[in-house]
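The values are calculated or read from the model by the stated rules, or taken from the named source; none is laboratory data. Not measured: the values here are computed from a predicted model. Here the Cβ is made from the backbone with ideal geometry for all residues, glycine too, and neighbour counts use every protein chain on show. All accessible areas refer to the heavy atoms of the entire protein, side chains included, with ligands and DNA or RNA removed. Shrake-Rupley method; radii C 1.70, N 1.55, O 1.52, S 1.80 Å.
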Amino acid sequence: METTITKTQITVMSIAAGICVANIYYNQPILNDIAKNFNVSASKAGIISVMAQAGYGLGLFFLTPLGDKINRKKLIIALMAALVAVLVGTTFVQNFFWLCVFSLLTGLLGVAAQVILPMAASMDSKNRGRTVGIIFTGILVGILSARVVSGFIAGWLNWRYVYGISAVMVLLSMALIQFTLPNATPGYQGNYASLLGSTLKQLQRFALLRKTALLGALVFGLFCSFWTTLTFHLSGEPFNYKTDVIGLFGMLAIAGAMLAPLFGKLADKGNPRKSQLFSVSLILVGVLLIQVYPLSVTAFIISVLLLDVGVQATQVTNVATIYTLDETAPSRINTAYMTTYFIGGALGSFAGIQCWNAGGWQLVSWQLLIWCLLALAIVVVKSKAIKS
């Protein structure tokens, strides 16, 4: 039986998902302001960013599977309501320890976006890829614009206003969720422990999920490695760019993210492998470009666009594909995929920093090429997707 979703519902879910996930990244441009406010070192202030990411990782595994067990709409609203409370607390916090705690909780509750995504997929069986692409674009825009918005608000007002304004935005989007989305009660009857165990079993059940998760981890690992080291490269010779100029490259990434829904449509047409091959090839061209022309601004502008379009297109195609595996377990499947994806990103960031310290941009570009070739091999090598 085909199910459809309205344009209004898609828009609301896309906006809400982007607003929720953006809270994890607001802290990055304002760490120096926070350090001065609490009289701590910049490196100590960096713990805030780590705590937010750690919270998101915990939320992915421990909270998002609940979308297969309890009413998804109520779960989303509960997570967002708790997020509003945490953001208000962050706005007025006077103790650095509690700021770290609130940062952990912000990441934990920000996974409401990862409950919205599988809910949207389950609401549209006809054009699932297109819908997932639009929702995921909302998430991407939230991630990519968070740094720009945060820096702008903190520059004109104060870093605390970032979280106060965000609390209002989350509250408004929560109201929209309440009035536009239907109640969706999944059918999983087991207890919470068995739910988590079932999440891990999804990787055992589906060869396609294992292959897709590995592809996602490799591509996101490359993406994180690139963006982690790009700031170092552009701030040094011969560029000597300041933070605001480097931030403009993030605006290019937002433009690339807007193309993601187009690849969701390709997935709907039943040829995800072709879409994956094309998107990974774009990434390969982007990597080769900055390897051959490491000192060219034009090369980096083109490369940012190619890498971002390629990575986001791969992700949209992957997500649209895995939601076809078992319509009774979209949240657990999403958790298995996104946890693997998140691990790939963390490893990519670590690898990028190590390569930069050991051999500068030249070594970084070589390891980016390795990530890309491994991803290409995953797409090219055919494997049977077995449902058991």
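Per-residue ellipticity at 222 nm, computed for the chain from helices alone with -39500 (n - 2.57) per DSSP H run of at least four residues, works out to -27000 deg cm²/dmol. Taken about its Cα centre, segment 1-126 carries a charge dipole of about 120 debye when Lys and Arg each add +1 at the Cβ and Asp and Glu each add -1 at the Cβ. Where in the chain are the DSSP H helices whose C-alpha atoms run 24 Å or more along the long axis and whose mean Kyte hydropathy is at least -0.5? Helix filter hits for the chain: 72-92, 128-156, 159-180, 207-235, 272-292, 297-322, 330-380.
Working with all protein chains in place, sort Lys201, Lys7, Lys274 by solvent-accessible area computed with a 1.4 Å probe, largest first. Provide the component values of the computation, followed by the final result.
On the way: Lys201 115, Lys7 170, Lys274 140 Å².
Solvent-accessible surface, decreasing: Lys7, Lys274, Lys201.
Since only Val245, Tyr323, Phe179 are under comparison, the one whose Cα sits farthest along the positive direction of the charge dipole of the chain, derived from C-beta charges on Lys, Arg, Asp and Glu, is Tyr323. As I understand it, the dipole of the chain uses +1 on the Cβ of Lys and Arg and -1 on the Cβ of Asp and Glu, about the Cα centre. Which of Ile47, Val379, Met13 lies farthest toward its positive end? The one lying farthest along the dipole's positive direction is Val379.
Per residue, segment 24-67 exposes 41 Å² of solvent-accessible protein surface, assessed with a 1.4 angstrom probe and all protein chains in place. Pairs exceeding 29 Å between alpha-carbon atoms, taken from Lys44/Lys69; Lys7/Lys73; Lys73/Lys126; Lys44/Lys73; Lys126/Lys201: Lys44/Lys69; Lys44/Lys73.
With +1 assigned to the C-beta of every Lys and Arg and -1 to the C-beta of every Asp and Glu, and no other charges, what is the dipole magnitude of the chain about the Cα centre in debye, to the nearest 20? Let's see the in-between values first.
Details: 25 positive and 10 negative charges, 184 e Å.
Charge dipole, the chain, about its Cα centre: 880 debye, nearest 20.
Shape class of the chain from the Cα gyration tensor (axes a ≥ b ≥ c, square roots of the eigenvalues): oblate, since a/c reaches 1.5 or more and a/b does not exceed b/c.
Ordered from highest to lowest accessible area with the whole protein assembly present and a 1.4 Å probe, Thr4, Thr340, Thr11 read as Thr4, Thr11, Thr340.
Rounded, prolate or oblate: which fits segment 108-220, taking a ≥ b ≥ c as square roots of the Cα gyration tensor eigenvalues, rounded meaning a/c under 1.5, else prolate when a/b beats b/c? Before the final figure, lay out each step's value.
Numbers: a/c = 1.99, a/b = 1.63, b/c = 1.22.
Prolate.
Treating each Cα of segment 1-99 as one equal point scatterer and applying the Debye formula with no solvent, the log10 of I(q)/I(0) at q = 0.10, 0.12, 0.16 Å⁻¹ comes out as -0.38, -0.52, -0.83. Mean-square fluctuations from a GNM of the chain, with a 10 angstrom spring cutoff on Cα atoms, peak among Phe152, Phe97, Phe278 at Phe97.
Positive end of the dipole of the chain (Cβ unit charges, origin at the Cα centre): among Gly345, Val86, Gln114, the Cα lying farthest that way belongs to Gln114. When a 1.4 Å probe is rolled over the protein heavy atoms, the share of accessible surface on the chain that falls to carbon and sulfur comes to 69 percent.
Among Gly57, Gly89, Gly197, the largest mean-square fluctuation in a Gaussian network model of the chain, built with springs joining Cα atoms closer than 10 Å, belongs to Gly197. Mean-square fluctuations from a GNM of the chain, with a 10 angstrom spring cutoff on Cα atoms, peak among Ala112, Ala377, Ala253 at Ala377.
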